[in-house]
């Protein structure tokens, strides 16, 4: 039974100020039996295979061409499947994975410093504040080693030591050095590696690439995902594509906040449309606010720029002890008047504590009036990231070699020289841990619909550790889906459904209807202005600190804004041309619905965990206070209609290999 | 993270823009004049265009189409010819990272798309750069499948070679090199990929054939030949050095002489 037909009970929750129904759909993770370290091997042997000669009879549709999408598309093509790959950008090489700076984790233990598969697994579960699924995370840690080998073989120019060996650096939430990197452009180099493999398969006619093509719906036939409907962003043509399985590799939804470190085009449309067709959307409230971004400078700003977490290896974070000093230039604040608050509060991890903790600590000092930099909106929202000591200890050349491009980027944006004065940083929305619910196969609750990379929910719990996103995207694409998809396809007849099926015409008609509706409003207000207004609601009420009353208010504000959108949005131009206003309006329309679900999820989770900080639930020291008795589950929200609240299904999370504990980085 | 009040470190600017508008690849294009008002020096060039577009939409007019995505200088999507310079006046900088502090109040700014036969205009300032993808498809890779790769430390690679490879690998595929070149040559782009892989042992088995195939594809796509103007190097936002072109040509020549494929 798929979620689309799932019965929901009338039982309502008791703890949320807004009543949502509970679903009786069982979210079965299909975790293989046996000891943790043998599950994946056992799975690979037990799962069904598709004979090499038969693979060419199957067509797989891959949506998105980032690390997850490009690696999945190329690898499935190498195996012999026919693949169509879709991206909204003009080239698959531009997917937003390209912007990841710092690195990729792998349990290689090249540094002989005590790393292991189990330690990477442990760090990831703990870093995720015990809200991720053990079996998936263990598999991720296990495959992490193969990813590095694969990328080296592709010609990814990882940083090397003088002896020719691969270099490592440290990232937050770990006490070992396991992060591989290519200057500050690791995501770019890994993506270009995956893109090169994809290009090779395009040349071999095993992948048909569709650029400037946006997926606007999933097509279900007898409860199985059998295709998608897209809009050609150049011609405006709405088209159907049939396949035997659909892979959504469409990234995260951080742009619901308007300002984030995401690319302008990043959106929730693909996964949200899948949700509206019955896929469970899991933990949408788990968002990551990255601690080291360049602060906001003004109200025309369109995006926030990340400064890699790797900078925390050599930079020290501080603010003045007294708010009176905040307006002074940093070089006039003596050492004993500075508060190195991360080193003070978390002596064992110091500046390398996990992202959620570092971000909240920055918010606390700025809320106390000890922030630095220009006054924006009445407050100074910034803390110093200071390299003076590292430059003195190691020399400018060493620092330049490691972070040169990041320092240059900072100087370009701010017109300040970080070699001379400390950087100013502040947290910004960066990554979303929530996403479509998937089982161990990376399959959603809709058979044939798979979800990979940031777009799914499975591996990072309530907080993602640095250098783990690249690892997950590539793990899913190179080393997981090639096995798990066979288990599904072996039970299907390749090419059984074509785009002539009536379900495609119906879905096309829905998509055309939405496009027409957007163009028909002809109001006064631009799509961007609605997006900005939504972003402000989300950041104020569902950002770094959340309260029940604030979230209730946010839901009401979002509904009002959505009402105004459909009365007053101005979408210029027509549907049959290259129309940037129409593209943006469609994405904003989905964010305006999705934002409400995020707030509902945040409201229902009466605990604090990782990136989800409910101010009512904190320890005396201001740390996140989890409630494992009531909330040790993955939430899966199921669509019931535009005028109804979604229903909640739960996947209980069992911790059999790591003891649940209060996180401590002290 | 919306902020309430603007914070600007200088006087707000007013600029007169001459922008290329073209409905689609088949239509004739022309310049239109727009005023950009109230521009903060801290805004990026694309944020300045956002302001102009918001004004156009408020008047019920279609916004100016331009390619952009990451807005942090790495995706390679943005692609504007600003006063005759690819990515504008600031060296080693993409359009999205060009800030308005490089302009003065009252400036005239001419904004055009990349001009090259191999990059046809799609709309306004948006061009079709899929020819670059087809060059990579012709050979810009190491021919290996996923799985079965040896341990990453099996082959030591000297730091010097790894750094030379990385210098070339930082190409973002924006096409500024082509736009800046009087011959619309793609040699810096081709050379960057050839150089990245020839400096690594993993790329060396296909080193010569790769350069041959990519250059032949570039010819077929309608890019011109390199005539050593080096405008490409000056325009490249990632400052890819000209030596990559010599390396690419060397491999091409070896391939044509030895026919080792």
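None of the figures in this text is laboratory data; all of them are computed from the coordinates on show. Predicted model, so just to flag it, every value in this text is computed and none were measured. With ideal geometry, Cβ positions are generated from the backbone for all residues, glycine too; neighbour counts draw on all protein chains shown.
Under conditions of 4 °C and 1.567 mPa s, chain B yields 65 µm² s⁻¹ as its translational diffusion coefficient, taking Rh as the Kirkwood radius over Cα pairs in the Stokes-Einstein equation. Calculated FRET efficiency, residue A:662 and residue A:321, Cβ-Cβ r, R0 35 Å, to nearest 0.05? Efficiency for this residue pair is about 0.80. For the range A:200-251, the relative contact order comes to 25 percent (Cα pairs under 8 Å, sequence separation of at least 6). Sequence-distant contacts, meaning Cα pairs under 8 Å at least 6 residues apart, place the relative contact order of the range A:290-430 at 33 percent.
Extension gain for residue B:160 to residue B:54 (0.36 nm times residue separation, less C-alpha to C-alpha distance): 33.3 nm. Counting only DSSP beta bridges with both residues in the range B:13-122, the antiparallel share comes to about 75 percent. Relative to the longest principal axis of the Cα atoms of chain A, the long axis of helix A:502-521 makes an angle of roughly 50 degrees.
Residue order for A:437, A:40, fewest other beta carbons within 10 angstrom first, comes to A:40, A:437.
Indicate, rounded to the nearest 5 percent, the antiparallel portion of the DSSP beta bridges found entirely in chain A.
Of all bridge pairs located within chain A, approximately 70 percent are antiparallel.
If one takes the longest principal axis of the Cα atoms in chain A, at what angle in degrees, from 0 to 90 and to the nearest 10, does the Cα axis of helix A:117-127 lie? Taking the Cα atoms of chain A, the angle to A:117-127 is about 80 degrees. Could you check which residue among B:224, B:147, B:92 shows the biggest mean-square fluctuation in a GNM of chain B with a 10 Å Cα cutoff? Highest fluctuation among the options: B:147.
From its DSSP helices (H runs of at least four residues, each -39,500 (n - 2.57)), chain A gives a residue-normalised ellipticity at 222 nm of -11000 deg cm²/dmol. Dividing the convex hull volume of the alpha carbon atoms of the range A:588-666 by its residue count gives 130 Å³ per residue.
Note the angle between two axes, namely the Cα long axis of helix A:134-154 and the longest principal axis of the Cα atoms of chain A, as a number of degrees from 0 to 90, rounded to the nearest 10. It works out to around 90 degrees. Judged by the gyration tensor of its Cα atoms, with axes a ≥ b ≥ c, the range A:290-430 is rounded; a/c sits under the 1.5 cut.
Taking other C-beta atoms within 10 angstrom as a stand-in for reagent exposure, B:33, A:271, B:130, B:16 fall in the order B:33, B:16, B:130, A:271, fewest first. Rounded, prolate or oblate: which fits the range B:80-120, taking a ≥ b ≥ c as square roots of the Cα gyration tensor eigenvalues, rounded meaning a/c under 1.5, else prolate when a/b beats b/c? Oblate is the answer for the range B:80-120, as a/c is 1.5 or above yet b/c matches or exceeds a/b.
Overall shape: rounded for the protein assembly as shown, with the ratio a/c of the largest to smallest alpha carbon gyration tensor axis below 1.5. With a simple spin-label model that places each label point 7 Å from the Cα along the Cα-to-Cβ direction, the separation between residue A:618 and residue A:332 comes to 3.2 nm. DSSP beta bridges fully contained in chain B are about 75 percent antiparallel. Diffusion coefficient (Stokes-Einstein, Kirkwood radius over C-alpha pairs, 37 °C, 0.692 mPa s) for the range B:85-158: 193 µm²/s, rounded to a whole number.
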